[in-house]
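Working notes, structure below.
Just so it is clear, none of the values below were taken in a lab; they were calculated from the coordinates. Only a predicted model underlies this, so the values are computations on that prediction, with no experimental measurement involved. In this analysis, Cβ positions are derived from the backbone assuming ideal geometry, glycine residues included, and neighbour counts consider all displayed protein chains.
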Amino acid sequence: MFTHRNAMPRLAPKLAELTSQVLFDDVWRRPGLSPRERSLATIAALIGQARPHALDFHLRRGLENGLSAEELGELLTHLAFYVGWPSATAALEQLDAVLTPQAE
């Protein structure tokens with residue numbers, strides 16, 4: 001989620017603990033929604049709130065949770081009408097960056 005993954009445990013260890021234990025080990029594993037459904041909801045919320053820093057992490061997580069590039073593109077198209085074109089197109093740029101392998 002963070003550019004510098006060590007920043008949270010180093011600067012806010014309790015926040016790191018809550019993120020790991022409560023958010024990802026409890027909330028994300030509750031039986032009411034699948035990880036795939038939780039990813040859809042989370043990505044939609046992050047786009048609607050214009051949270052690009054967290055969006056990169058959750059786009060990748062969404063792909064890991066079974067969302068396809070086509071589904072994410074469709075989600076962005078749908079959200080453009082609800083959160084605005086600029087938010088949706090900015091998210092599209094992030095999705096493209098996530099899907100495009102980086103040259104080494």
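Some points to look at:
- Rg(Cα)/(2.2 N^0.38 Å) for the chain, N = residue count: 1.13
- Placing +1 on each Lys and Arg Cβ and -1 on each Asp and Glu Cβ, with no other charges, gives the chain a dipole about its Cα centre of roughly 460 debye.
- The length gained by stretching the chain between Thr89 and Trp28 to full extension, at 0.36 nm per residue less their Cα-Cα distance, is 19.2 nm.
- Value of [θ]222 nm, deg cm²/dmol, for the chain, DSSP H segments ≥ 4, -39500 (n - 2.57) each, nearest 500: -20000 deg cm²/dmol
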